[in-house]
Amino acid sequence: MAKLTVIGIGHGGFAVAGDLALAGHEVTIYVAQRYKERVKDLFHKKTIHVSGEGRNGIAHIHNVTSDPQIAFENDIIIPVIPAYSQEKFAHETAPYLRAGHKIFLTPGSTGGTLVIGKILHELGKSKDIILSELHTLPYASRKTSETGVHIILRCKKLYFAAFPAKYNEEMYNIIKSFYPCVELRRDVLETSLNNGNPISHPVPMVLNAAKIDFFGDEHYHYKEGISPSVARVIEKLDSERKKICEIFGYEVISTKERLYDMGYVPNEETLYEAYHKSTIFSSIKGPNSLSNRYLTEDTPYSLAVLASLAHQVDIKTPVMDSIMTIASALMDEDYLDTGRTTKELGIHKMDIDQMKEFLLKGYEK
């Protein structure tokens, strides 16, 4: 049994907290003061009803608190938060972090661990704190109430790495007790490059903008938004991502292969067929607005990172650049200017060899 603190009260946060509590771990949930009204029942009941795939039942939560001093008594901290909250998380929790804390970002999104690591280093709080991440959420899930969550899918493979990577084995031996399907990767840049959201989300959002604007709730992202031609654009985008993996010497895994390994799609001939024959994706309704995280998070906080990294190592990304340009026009915001780049990750002045050394050793002198 481990004592751990989960931060996040969205679909993923509930799934992580409920499932790990049912597995026998002592789970504390930290809810920032500004979000308490959203989960009043959770504070009162201290239970999460978990249904769906895998462990089912009433998960008893050890504590639900808005007191960070109580929440950060545990050594293992699991933020289950969106990419746009990562900077705020680092600044707000830094005063309560101490040597021995192990932060397990679930997921890291694209560069999240490096962003948090850079902020903690600048605040003088990175010493003897280990960061780590998964490449994606461990579950596809949906909250059913203030104290309930339904797990649609438990991922069958999860990519994991620590920062600095010299702690890979130490953290892997801890995290595999939570998720036995974790697969250790070389470093957190490799896990970031395998985040599927910037590949599967922005392209269909951009190419279905008019339909989403007009029909809203009637839209299905995967079932209706990905036609054979849209899937071809996604594959072109994925080819650009794979070139980045190749130049860093990482294993080159296609989106279709990764989605199959995770359990999201069947093993089909084409990416289009994989999306459309997926029982998981076919049931996902929405987004009902362009102001949705599929576009407003996955473009500036993930796709922008991939493009920035590619440009830094002299890889051309015309499809990535085009999608970001059109997304910027749709949302009237210049994601090429405001999006996350390698500067926020702390690696913008490094060549490939320097990045590899930094990812292994971190900020040590």
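Descriptive notes on the structure:
- Dipole of the chain computed with +1 at Lys/Arg Cβ and -1 at Asp/Glu Cβ about the Cα centre; of 179, 342, 325, farthest Cα towards the positive end is 179.
- Solvent exposure of the chain, expressed per residue, is 42 Å² of accessible area, with all protein chains present and a 1.4 angstrom probe.
- Using the average count of surrounding beta-carbon atoms within 10 Å as a protection proxy, the listed peptides 1-14, 321-334 rank, highest first, as 1-14, 321-334.
- Percentage, to the nearest whole number, of Cα pairs in the range 155-259 over 23 Å apart: 42 percent
- The string of couplings for the range 78-85 from the Karplus curve (6.51, -1.76, 1.60, θ = phi - 60°) is 10, x, 10, 9, x, 4, 6, 9 Hz, one whole number per residue in order, with x for Gly and Pro.
- Report summary: the helix-based calculation at 222 nm, which adds -39500 (n - 2.57) for every DSSP H run with n ≥ 4 and divides by the residues of the chain, gives -11000 deg cm²/dmol.
- For the chain, carbon and sulfur atoms together expose 49% of the accessible surface, with a 1.4 angstrom probe and every protein chain in place.
- Candidates 11, 120, 71 compared by Cα position along the dipole of the range 1-157: farthest toward the positive end lies 11, with charges placed on Cβ.
- Computed on the Cα trace of the range 105-185, the radius of gyration divided by the Kirkwood hydrodynamic radius gives Rg/Rh = 1.04.
- Evaluated at q = 0.09, 0.21 Å⁻¹: base-10 log I(q)/I(0), Debye formula over Cα of the range 28-162: -0.29, -1.39
- Considering every alpha-carbon pair of the chain, the percent of pairs per 10 Å bin, from zero through the bin containing the longest distance, is 5, 25, 34, 26, 9, 0.
- Nonlocal amide H pairs with residue 49, under 5 Å, H built at 1.01 Å: 59, 148, 149
- Percent RCO, i.e. relative contact order, over the chain, from Cα pairs under 8 Å lying at least 6 residues apart: 15 percent
- Label-point gap, in nm, between residue 270 and residue 224 - each point 7 angstrom along Cα→Cβ: 2.2 nm
- Assuming charge only on the beta carbon of Lys and Arg (+1) and of Asp and Glu (-1), the dipole of the chain about its Cα centre is about 740 debye to the nearest 20.
- For the Cα trace of the range 1-92, dividing Rg by the Kirkwood Rh returns an Rg/Rh value of 0.94.
- Considering only 148, 219, 306, the residue lying farthest towards the positive end of the dipole of the chain is 148, judged by Cα position with unit charges set on Cβ.
- Cross-link table 118/242; 3/343; 316/343; 143/242; 157/285, entries beyond 30 Å C-alpha to C-alpha: 3/343; 143/242
- ³J(HN,Hα), Karplus 6.51/-1.76/1.60, whole Hz, each residue of the range 35-47, x for Gly, Pro: 10, 4, 5, 6, 9, 4, 5, 5, 4, 6, 8, 6, 9
- Between residue 169 and residue 69, the contour length at 0.36 nm per residue exceeds the Cα-Cα span by 33.1 nm.
- Distance between the pseudo-spin-label points of residue 332 and residue 145 (7 Å out from Cα toward the beta carbon): 4.1 nm.
- Take the Cα of residue 284, step 7 Å toward its Cβ, do the same at residue 84, and the gap between the two points is 1.8 nm.
- Counting only DSSP beta bridges whose two residues both lie in the chain, roughly 35 percent are antiparallel.
- Whole-Å distance, taken between Cα centres, linking the range 127-177 and the range 58-91: 14 Å
- Mean projected area (nm²) of the alpha-carbon convex hull when the range 203-268 is viewed from all directions: 5.3 nm²
- Full extension of the chain between residue 51 and residue 239 gives 63.9 nm of extra length, using 0.36 nm per residue less the Cα-Cα distance.
The values are calculated or read from the model by the stated rules, or taken from the named source; none is laboratory data. All of these numbers come straight from a predicted model, not from anything done at the bench. No Cβ is skipped: glycine too gets one built from the backbone with ideal geometry, and neighbour counts run over all protein chains shown. Just the protein is used for accessible areas: all its heavy atoms, side chains included, with ligands, DNA and RNA removed. Shrake-Rupley method; radii C 1.70, N 1.55, O 1.52, S 1.80 Å.
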